[in-house]
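This report concerns only the one structure given below.
The values are calculated or read from the model by the stated rules, or taken from the named source; none is laboratory data. The structure presented is a predicted model; accordingly, all values stated were derived computationally and were not measured. Using ideal geometry, Cβ is built from the backbone for each residue, glycine included, and neighbour counts are taken over all protein chains shown. For accessibility, only protein heavy atoms count, side chains too; no ligands or nucleic acids. Shrake-Rupley method; radii C 1.70, N 1.55, O 1.52, S 1.80 Å.
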Amino acid sequence: MFSIKPAGEWLTRCDLHVHTEFSFDGDKDGLALPDRIADEAIKRKLNTIALCDHCDIDDILDGIYPPYPADEIYRAVTAVRDKYAGRLEILYGIELGQPHARPEESKRLLEKYSFDFVIGSLHNLKNYPDFCFLRYDVMTYEHIDLLVRRSIDELCEVARFSGISTLAHINYIGRYLKKCGVSFDFMKYERRWRELFHIVIEQGIALEVNTSGLTPDGGETMPNESLLRLYYDCGGRILTLGSDAHRCDRLANGFDRAADMLRDIGFIE
């Protein structure tokens, strides 16, 4: 497993959340080929990348998403890792969505394949569609409030799942609330967030700073600055940076801006 250190300057040289063409939503026009991603990472002076294709295991087993091509991914990632050895560290990773919903199957998958890096994520609640498919603009505030509370509770379950390296984009639902024009104060659940952060710290895993929401004219990381300050206040010091790139031209997106924010909070001296 990849050894994650407390936050420091190394963060900006490691993109630890990258998807290839093997993800169901990965670019299919050649921009997510492992070789092209590796070439671009070298051009951008990255030291390490983690190729972590989607495995939303509950939705895969329920037939909503296509099967996770584990053997094919393993062959592709190990081949490109060997090809670029000495020039770029390439981690064999996975983004394991909702492992708490199918714990036995998730455990068997992690035991079968020797992943260097495991992203734990929550894209949907148990027996619920992905947050990206929901129409928040026609929901009541009470319904949205319930979804947010339940998402934090289920994130606690994901964080407790053995084998996770980092917990990704913890306010993922916020991306789609914003797209629907709905504002929500995530800090109203400070107590719940603190509980989550204490679990993350106790488990010895990292909290991901996902930069996919950053654009040239603004945007926010996931988690946003307020939540990151709360994590720091709880004693959290271990972070990973992930662009969540689904094509090579999005590698390390917004890393400089994220680093400035992390320095201001105190994560990077």
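Assorted remarks:
- In terms of the mean number of neighbouring beta-carbon atoms within 10 Å, the peptides 71-82, 250-261 order highest first as 250-261, 71-82.
- Shape call, segment 109-265: gyration tensor on alpha carbons, a/c limit 1.5: rounded
- Remark: spin-label model distance Tyr141-Asp39 equals 5.3 nm, labels positioned 7 Å along the Cα→Cβ axis.
- With distances taken between every two different alpha-carbon atoms, segment 35-127 has a Kirkwood hydrodynamic radius of 14.2 Å.
- In this structure, the residue pairs whose Cα-Cα separation is over 24 Å, taken from Lys43/Lys83; Lys45/Lys83; Lys43/Lys178, are Lys43/Lys178.
- Reachable lysines, given that their alpha-carbon falls under 22 Å from the alpha-carbon of Lys126 and they are not under 8 places away in the same chain: Lys107
- Segment 172-265 shape via C-alpha gyration tensor axes, a/c threshold 1.5: oblate
- Anisotropy class of segment 165-211 from Cα gyration tensor, a/c 1.5 cut: oblate
- Over the chain, the hull volume per residue, using the convex hull of the C-alpha atoms, is 125 Å³.
- A 1.4 Å probe run over the protein chains yields, for segment 73-192, 46 Å² of accessible area per residue, whole-number rounding.
- Length gained on full extension, Arg237 to Ser162: 25.0 nm, using 0.36 nm per residue less the C-alpha separation.
- Percent accessible area from carbon and sulfur atoms, the chain, protein chains only, probe 1.4 Å: 48
- By a 1.4 Å probe calculation restricted to protein chains, Ser226 has an accessible surface near 60 Å², given to the nearest 10.
- Secondary-structure-derived ellipticity at 222 nm for the chain, considering helices only, amounts to -11500 deg cm²/dmol, per-run term -39500 (n - 2.57) for DSSP H runs with n ≥ 4.
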